[in-house]
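The values are calculated or read from the model by the stated rules, or taken from the named source; none is laboratory data. Only a predicted model underlies this, so the values are computations on that prediction, with no experimental measurement involved. As a convention, Cβ positions derive from the backbone with ideal geometry for all residues, glycine included, and neighbour counts pool all protein chains shown.
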Amino acid sequence: MRPYVICHMMGPLDGELLVDRWSPSTGRSSESLVAEYDRVHEALEGDAWIAGRAVGEEFAEGRPHPQEPVPAVERPVHVARAGAEEYAILIDQHGKLHWTGPETYGAPLVMILARDVPDAHLAELAADGISYVVSEGPEIDLGRTLDVLASAFGVRRLILEGGARTNAAFLKAGLVDEISLVLFPAIGGHSGSQSLFEAGEDGLADRVRLSLVSTEVRTAGAVALRYRVAYAPV
């Protein structure tokens, strides 16, 4: 059974994605706003969180360090560490992210990669003590990925904290069960700014139906909103 997925995000009234662009509207530092968001994250009690490459680039500080010669590698799944209390999962289709160790923010890394990623990159990950899941097709199958995360790593409750396109991809695939939004009293208002969900020209309006689960007033004038997600028949 695939994990229960909660998409957890933060934003201003206009849904602008990049915190630094709208945090001045609150009169508080972006760090203090993110800290409030993180407190809500902890309350969601996930045993893993997942994001895309754009998010991963913020804290992937390694440089390429391939193994020479390239050893044999496991495909499609390599489990470097089983039974962790929490996993940090990053979707990196073409293997562009490099690391200095097997963890980020204290959680063991699991990389999600496309079939065409070279063995040299998989060997680098394995040598760093990093787990990975390789897609069986040229594109990453998110549904199958969730099944593997459940069966190989024991993930039961997954917090999705992607960029706009990653979030929308999970919604388009019908894989998000809840949305958690920490809404701050702020307005970014920048022209052409990226919003919390980007699903292309088709959008999501004819696919997703939301029903309110709970509201909670938080510090800094924020409101934590939770919605259950249902999907319109295709």
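Observations
- Any hit, region 50-61, residues being assigned to a strand (DSSP E or B), within 26 Å of PHE153 (Cα to Cα) and under 16 Å from the mean Cα position of the chain (by Cα): yes
- GLY143 meets the conditions (1) exposed (fewer than 14 other Cβ atoms within 10 Å of the Cβ); (2) over 19 Å from the mean Cα position of the chain (by Cα) in every case but one. The failed one is (2).
- The single residue among VAL208, VAL134, VAL217 that is of a type in the set (A, V, I, L, M, F, W, C), in the same structural domain as GLU68 (by TED's automatic domain parsing) and over 16 Å from the mean Cα position of the chain (by Cα) turns out to be VAL134.
- Residue in region 167-190 that is in the same structural domain as GLU36 (by TED's automatic domain parsing), of a type in the set (Ser, Thr, Tyr) and over 30 Å from PRO64 (Cα atoms) present: yes
- Residues that are in contact (Cβ under 8 Å) with a residue 60 or more places away in the chain and either closer than 21 Å to LEU149 by Cα or out of contact with any His (no Cβ under 9 Å at 6 or more places or on another chain) (or both) within region 40-66 comprise HIS41, LEU44, GLU45, GLY46, ASP47, ALA48, TRP49, ILE50, ALA51, GLY52, ALA54, VAL55, listed in sequence order.
- Count of region 76-103 residues which are touching a strand residue (DSSP E or B) at 6+ places or on another chain (Cβ under 9 Å) and within 19 Å of GLY154 (Cα to Cα): 17
- The helices (runs of 4 or more DSSP H) found wholly in region 102-185 and carrying at least 1 residues that are in contact with a Gly (Cβ under 6 Å, 6 or more places away or on another chain), of a type outside the set (Phe, Trp, Tyr) and touching a residue at least 12 places away in the same chain (Cβ under 8 Å) occupy 119-127, 164-172.
- Annotation note: Cβ proximity below 7 Å between a residue of region 19-38 that is in contact (Cβ under 8 Å) with a residue 60 or more places away in the chain and a residue that is hydroxyl-bearing (Ser, Thr, Tyr) (sequence gap 6+ or interchain) occurs for ARG21/SER193; SER23/SER29; SER23/SER30; LEU33/SER23; LEU33/THR26; GLU36/THR219.
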